[in-house]
Amino acid sequence: MLKTSLDVKFTLLLLLFLVVPSLRAISRYAPYPLMTSLGLIIVFSFSYFIVLRFSLSFSTTRRIVEWKPLSYCLICIYSVCTFIIYPIADARKKIGKGSTADDAMIEPALTLFTNQGLYSPTLYDGAPISPGPGWILQNAPFAILDLYWLLSAFYITLTVALFHFLFKKYRETNLVLILLSSSLLFWELLVTGHDLIAIGFSFVFYIALTYRLSNSSSDHHLFLCMLAITVGIFATSRILFFCFPILLSAFLWKFNRRQAIQFSVISLSVTALFHGYFYTTSDHYQPLHLFSRGSTQVGSYLSMFGLIATISAFFIVYRSLQNSIESWLFSVFVCISLPLTVIAIGEFMASNYDFSLWEGANYLMPSTPILVFLMACQMCKHSDLKSAGSH
């Protein structure tokens, strides 16, 4: 009964984070968007429940999920699809269509070879540049070497390999990619070169490494410093993610206070240094636009609700945080997804509840990999307990 209840909850969450944002593409391109959307929700409701409930129960499906190379095969498929479709999607800008999300990463990176400032470029549709300086510089080689189509695949591979190396979790990564592959939003962001998939997998990557740091029996100063520096750089990916180092430091505090202090000082200093330097050297620091966008699109009342809900949720999950990767994933997911979901809802309301105009659907993607990794870990853990109990 408990497993059934958990499967229902996970199914609803998958519908919210994987299917509902995908309705934007359905509304834009499907001939009968309303009927197609309802059919999609019904089909995926049953599909997700069946996958969550039975994928590890039958020998055939279990062999598929347990096949170790599956994750890398799926990543190869992502790479090939992006290699083929990304240039086509990018060419739509010539007729005034297409996403500028890739340009927001590429054009600032290309200024490194000029005397222009990092935020001097103007995107073709006038949209401001959202990615922060550390994140742009870290990923500049993809833009400079004309390999930007590999950005998402690189971070997916990095996170999958880390879970294989640290936790030997092959089934879990296979399930993660199978579930994500069911989302139209995932494919849309993947083939148009959006960096939000890379950000989502980076969240999982750094959660796993910080969890491992909290379990280290001895002081690993070099590892701590390198991890804190890279987290600080990653936290600049969006101006709103300055809270990510604070979150990891707070959770680390529960298990090792000295590590938490060192981690917070280094990571937050790196984040502040990048933002501070480029803020003072830019005529217009474009990443700040997310604050004004939030206030206009979301509104003060909904923003206040999101802030109060997030702070309250933090104290609740902090008290219940346990020293397991599942607990860390759950706690970070709650604290990251709440404000992003509020922003997504606010933008949906601002679009007059029109799915085809709902650009805020993208905000659900950064926390989605955390959720799917959590679900996959819980599924496999329950399956292992059930197998152990049957023997």
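The values are calculated or read from the model by the stated rules, or taken from the named source; none is laboratory data. All figures in this text were calculated on a predicted structure; none of them were measured in a lab. Positions of Cβ are generated from backbone atoms using ideal geometry, with glycine treated the same way; all protein chains shown enter the neighbour counts.
Yes/no per residue for (1) touching a Gly at 6+ places or on another chain (Cβ under 7 Å); (2) aliphatic (A, V, I, L, M):
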residue	(1), (2)
Met226	no, yes
Ile233	yes, yes
Phe241	no, no
Phe244	no, no
Leu248	no, yes
Leu252	no, yes
Ser264	no, no
Ser267	yes, no
Thr281	yes, no
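Residues in the range 105-139 that are among the aromatic types (Phe, Trp, Tyr) and surrounded by fewer than 22 Cβ atoms within 10 Å (Cβ to Cβ) were compared, and the one that is farthest from Lys93 (Cα to Cα) is Phe113. Taken over the range 133-143, the residue count meeting the criterion of being in contact with a helix residue (DSSP H, G or I) (Cβ under 6 Å, 6 or more places away or on another chain) and either under 15 Å from Pro121 (Cβ atoms) or aliphatic (A, V, I, L, M) (or both) is 4. If the condition is being surrounded by 13 or more Cβ atoms within 10 Å (Cβ to Cβ) and either part of a helix (DSSP H, G or I) or more than 23 Å from the chain's Cα centre (by Cα) (or both), then the range 294-310 contributes Gly294, Gln297, Gly299, Leu302, Ser303, Phe305, Gly306, Leu307, Ala309, Thr310. Highlighted here are the helices (runs of 4 or more DSSP H) found entirely within the range 150-251 that include at least 2 residues which are touching a residue at least 40 places away in the same chain (Cβ under 8 Å), within 16 Å of the chain's Cα centre (by Cα) and surrounded by fewer than 18 Cβ atoms within 10 Å (Cβ to Cβ): 151-167.
For residues in the range 111-149 being among the β-branched types (Val, Ile, Thr) and within 21 Å of Ser292 (Cβ to Cβ), which is farthest from the chain's Cα centre (by Cα)? Across the range 111-149, the extreme among qualifying residues is Thr122.
The helices (runs of 4 or more DSSP H) found entirely in the range 14-110 that carry 2 or more residues being within 20 Å of the chain's Cα centre (by Cα) and of a type in the set (A, V, I, L, M, F, W, C) are 23-29, 70-91, 103-110.
For beta carbons closer than 6 Å, sequence separation of 6+ or different chains, a first residue in the range 262-288 that is closer than 18 Å to Pro128 by Cβ and a second that is assigned to a helix (DSSP H, G or I) and among the small types (Gly, Ala, Ser), the qualifying pairs are Phe274/Gly134.
Between Ser37, Ser99, Ser71, Ser22, the distinction of being in contact (Cβ under 8 Å) with a residue 24 or more places away in the chain and over 18 Å from Phe355 (Cβ atoms) belongs to Ser71 only.
For Phe291, are the conditions met, namely being buried (at least 16 other Cβ atoms within 10 Å of the Cβ) and assigned to a helix (DSSP H, G or I)? So Phe291 does not fit the description; no. For the range 215-234, the tally of residues that are within 23 Å of Ser327 (Cα to Cα) and at pLDDT 85 or above stands at 9.
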